[in-house]
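The values are calculated or read from the model by the stated rules, or taken from the named source; none is laboratory data. Given the structure is predicted, the values throughout are model-derived calculations rather than measurements. Don't worry about glycine lacking a Cβ; one is built from the backbone with ideal geometry, like all the others, and counts go over all protein chains shown. Heads up: the accessible areas ignore ligands, DNA and RNA and are worked out on the full protein's heavy atoms, side chains in. Shrake-Rupley method; radii C 1.70, N 1.55, O 1.52, S 1.80 Å.
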Amino acid sequence: MAKSVTPDAISILLANPSPDSSSELPEIVVQVLDLKQSGNRYMFTASDGKMKLRAILPSNQNSQVISGSIQNLGLIRIVDYTLNDIPNKSEKYLIVTKCEPVSPALEMEIKQEGQIKSEVKSEGTGIILRPKQEIVAKSAAQIVHEQHRNMAPTARMAMTRRVHPLVSLNPYQGNWTIKVRVTSKGNMRTYKNARGEGCVFNVELTDEDGTQIQATMFNEAARKFYERFALGKVYYISKGTLRVANKQFKTVQNDYEMTLNENSEVEEATNEESFVPETKFKFVQIDQLGPFVNRSDLVDVIGVVQNVSSTMSIRRKSNNESISKRDITIADETKKTVVVSLWGDLATNVGQELLDIADKSPLVAIKSLRVGDFQGVSLSTISKSTVLINPDIPEAKKLRSWYESEGKDASMASVGSGSSPISKNGIKSMYSDRVSLTHITSNKSLGEDKPAFFSIRGHISFIKPDQTMWYRACTTCNKKVTDAIGSGYWCESCQKNVESNLRYIMVVKVSDASGEAYISVFNEEAEAVVGCSANELDNLRSQMGEENSYQMKLKQATWTPHLFRVSVSQNEYMNEKRQRITARAVAPVDFAAESRFLLEEISKMRVSQ
């Protein structure tokens, strides 16, 4: 038979919107039209020459498009699929969950029905359509029951299951069954509102394509399924409902969220060790991390490992338990670096693997990181974080090519240094959240739960000359070093003798019209205040003479106006909570910009009167 479309293929698909088995349908061959990428998947129009149907190829089929096996104007055989309604329209769209390429691109679109029929007749054998069979939607329990009853090989069983990919689900759909792995499980929580008290917990589910969705259970459903769901296990789930996700609380990249009630069915799928969901990433470049600082959003990053520290033990304040921690420094094409803190098993296992190959500059792709404000911008893993070493993905190949060609010789800078007051990076400017010093010092509860951020304008009124002004740091990781045996300096983090320099760690008194406060200032910010590096100030300190150059330098730094971006947190000292104010960025006053800011503030005051 000549390569062509199946007559009335679209009608066959529409008549069987959710088949139980591929064996119930004849061979369905359609032509691919208008093939284009949409997000992380491809969309196209399926045509049989008479009718057309909008269609989607899930991400697991992307490789066939990229390799050229599936082409625009080419032919594909649809092996497995499902049909979805388009909200507020009478149309449907086709989710092709499994297909096979039949032919590369033809010269033109097949349009005329007569030509199609003549091609079929030329081979002497037509296509026989089987009578439409009754379609019965199966629940998760029925699927598992059939699986236990029929001990056929796994591959054969997979052909007969009617499992929907997560990407095909929407709130307007009826019966469906999904096959997913639990990739994150939350704790049982209690709540109290106007309707009474209750309990709730949620899980994050991932299917074979790597698509994720959050499922939430309340009260009876929460108590029923909390023990049944186990992290890392695979389940068949049916009889749930979907709704548009609340962006404020969603933890995965999906427009919908799932709710399971006490009538939902959840059955564990046994012998599914080979069911490994594809890890999908939505990478954020290192120089674009600013907008995510101290927000609930999680980020994915990819970078070249520049440094790996040794493992350290950290004692948690919440329960006084010890947990392993290891810091790695990564860089990307933006020529910025950021420190990623690995915790728990990631620190001991993945971290050790990275330490063993650190001299080869491995690449890491990390999913689900929290962005903090330590050293301006920092990253930290959480319980559901995933770390892939040297992943085989296009982004990794592109990054490796850049690093080998120019990156390894490029000068890198920490993303947290000097990022304010430039607001285009997403980090708030010196004119955001402007307050007086008294506003901070008079409110002792500021920073109790999490750091609070403000901008202030003030003068350095005093720098104590005999305080500890700096520490000797490793030039690679900026951690404190100690004298090595013999000569040189030893870095515990890098586990080797290293070159070192001095880095500021000082406290200054800042005054404004309302009052004064002591502010902790670190290296980059202190250099902006003092006007020289810690090494240079140390040289001045060692000089002898009547005119003390060291004290003169500190005196010159006082009574100069600066703009400060500060964080306010609570530290415990001698069983007493104390407020700590830390400078996150320091900049000289731009009097033109400052005047515009004050005029805007005056205008706001007039409007409010």
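Dimensions of the stretch 286-414 from C-alpha coordinates, computed as largest minus smallest value along each principal axis and given longest first, are 48, 33, 25 Å. In a simple Cβ point-charge model (Lys, Arg +1; Asp, Glu -1; nothing else charged), the stretch 286-414 has a dipole of about 440 debye relative to its Cα centre.
Surface exposure of the stretch 317-374, expressed per residue as accessible area with a 1.4 Å probe, stands at 44 Å².
Ordering 263, 221, 169 by Cα displacement along the dipole of the stretch 166-268 toward the positive end leaves 221 in first place; charges were set at the Cβ atoms of Lys, Arg (+1) and Asp, Glu (-1). Pairs from the list 185/250; 224/247; 335/408; 98/250; 92/247; 408/480 with a Cα-Cα gap above 19 Å: 224/247; 98/250; 92/247; 408/480.
Rolling a 1.4 Å probe across the protein heavy atoms gives the stretch 9-103 an accessible surface of 40 Å² per residue. Over the stretch 166-268, accessible surface divided per residue gives 51 Å², non-protein components excluded, 1.4 Å probe. The orientation-averaged projected area of the convex hull spanned by the Cα atoms of the stretch 166-268 comes to 6.5 nm². Hey, quick one: spin label on residue 311, modelled 7 Å out along Cα-Cβ, who in the stretch 322-361 has an amide N within reach, i.e. under 17 Å? It comes to 322-328, 341-358, nothing else.
Under the 0.36 nm per residue contour assumption, what length would be gained going from the current alpha-carbon distance of residue 243 and residue 464 to full extension? Please report the intermediate quantities before stating the final value.
On the way: separation 221, 0.36 × 221 = 79.56 nm, distance 5.97 nm.
Here the answer is 73.6 nm.
Between residue 100 and residue 487, the modelled labels are 7.3 nm apart [label points 7 Å from Cα along Cα→Cβ].
With the highest mean first, a sort of the peptides 63-74, 181-192 on other beta-carbon atoms found within 10 angstrom per residue produces 63-74, 181-192.
Length gained on full extension, residue 190 to residue 598: 142.2 nm, using 0.36 nm per residue less the C-alpha separation. Here each label is just a point 7 Å from Cα along the line to Cβ, and for residue 578 and residue 38 those points are 6.0 nm apart. Annotation note: trypsin sites (Lys or Arg not before Pro) in the stretch 314-415 located in DSSP loop regions with a Cβ neighbour count of at most 12 within 10 Å are 316, 317.
Amide H to amide H distances under 5 Å link residue 489 with 484, 498, where only residues 5 or more positions off or on other chains count and H is placed in the peptide plane. For residue 360 and residue 472, the FRET efficiency from 1/(1 + (r/R0)^6), where r spans their Cβ atoms and R0 equals 25 Å, is about 0.30.
Explain nothing, just the number: relative contact order of the stretch 467-609, from Cα pairs under 8 Å at least 6 residues apart, as a whole percent. Don't jump to the answer; show the numbers that get you there.
Working: 195 pairs, mean separation 22.2, N = 143.
It comes to 16 percent, rounded to a whole number.
Among 607, 200, 507, the order of accessible area from largest down is 607, 507, 200, computed with a 1.4 Å probe on protein heavy atoms.
Probe radius 1.4 Å, ligands and nucleic acids ignored: give me the carbon and sulfur share of the accessible area of the stretch 9-103 as a rounded percent. Carbon-and-sulfur percentage of accessible area, whole number: 47. The aspartates and glutamates whose alpha-carbon is closer than 17 Å to the alpha-carbon of residue 52, local same-chain residues fewer than 8 away aside, are 8, 34, 85, 91, 109, 113.
Under a model in which nothing but the beta-carbon of Lys, Arg (+1) and Asp, Glu (-1) is charged, the stretch 9-103 shows a dipole of about 340 debye around its Cα centre.
Between residue 590 and residue 296, the FRET efficiency estimated from the beta carbon spacing at R0 = 35 angstrom works out to 0.60.
Once the Cα-Cα distance is subtracted from the 0.36 nm per residue extended length, the residue 532 to residue 320 segment shows a gain of 72.2 nm. So, R0 is 41 Å and r is the distance between the beta-carbons of residue 231 and residue 92; what FRET efficiency does that work out to, to 0.05? FRET efficiency, residue 231 to residue 92: 0.65. Using only side-chain charges placed at the Cβ, +1 for Lys and Arg and -1 for Asp and Glu, the dipole size of the stretch 314-373 relative to its Cα centre rounds to 300 debye.
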